[in-house]
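Data first, discussion second: the structure below is written as structure tokens.
The values are calculated or read from the model by the stated rules, or taken from the named source; none is laboratory data. These numbers were taken from a predicted model, which means no experiment stands behind them. No Cβ is skipped: glycine too gets one built from the backbone with ideal geometry, and neighbour counts run over all protein chains shown.
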């Protein structure tokens with residue numbers, strides 16, 4: 001069983017790696033949980049700027065673009081829960097479930113781009129989220145699926 005410190009580090013890594021890489025018109029855009037970067041033109045847009053300044057809000061966007069923000073919020077919840085395990089007590093089932101949902105939301109984000117002509121999206125964050133769940137929260141996630149009561153991780 002992984003220590004709370006290792007689980008926290010694994011979830012922290014998810015916060016700093018690109019979750020989705022979108023290729024369009026010869027350029028790549030890296031979508032991180034905190035914003036997105038287009039390296040070719042050295043452009044960074046923070047996620048809160050995207051939703052609150054550059055658009056009319058999440059209600060005005062297609063659902064697949066809203067899924068990006070939902071995945072980021074879910075990762076934030078997972079981070080807070082994993083951090084609580086470092087200083088108090090983490091409910092590993094919550095962290096596992098939230099990371100699975102964040103990965104699913106990220107898939108929806110990527111699929112939205114795949115439906116656009118000339119776009120290719122690779123949901124790297126989904127694979128990483130589900131890998132962290134499998135490696136560090138597998139027992140807790142199985143408890144959710146099979147509704148078995150055991151001591152917490």
All-but-one check, residue 109 against (1) touching a residue at least 60 places away in the same chain (Cβ under 8 Å); (2) closer than 30 Å to residue 3 by Cβ; (3) part of a helix (DSSP H, G or I); (4) touching a helix residue (DSSP H, G or I) at 6+ places or on another chain (Cβ under 6 Å), failing number (2)
Residue selected from the stretch 12-59 under the condition out of contact with any strand residue (DSSP E or B) (no Cβ under 7 Å at 6 or more places or on another chain) and under 19 Å from residue 107 (Cβ atoms), by the criterion surrounded by the fewest Cβ atoms within 10 Å (Cβ to Cβ):
17
Checking 78, 67 in turn, the sole residue that is without any contact (Cβ under 8 Å) to a residue 60 or more places away in the chain, touching a helix residue (DSSP H, G or I) at 6+ places or on another chain (Cβ under 8 Å) and part of a helix (DSSP H, G or I) turns out to be 67
With respect to residue 94, determine if the residue is in a helix (DSSP H, G or I), in contact with a helix residue (DSSP H, G or I) (Cβ under 9 Å, 6 or more places away or on another chain), under 16 Å from residue 129 (Cβ atoms) and at pLDDT below 95.
yes
Tell me which residues, restricted to the stretch 1-50, are touching a residue at least 60 places away in the same chain (Cβ under 8 Å), over 20 Å from the mean Cα position of the chain (by Cα) and outside any strand (DSSP E or B).
1, 2, 25
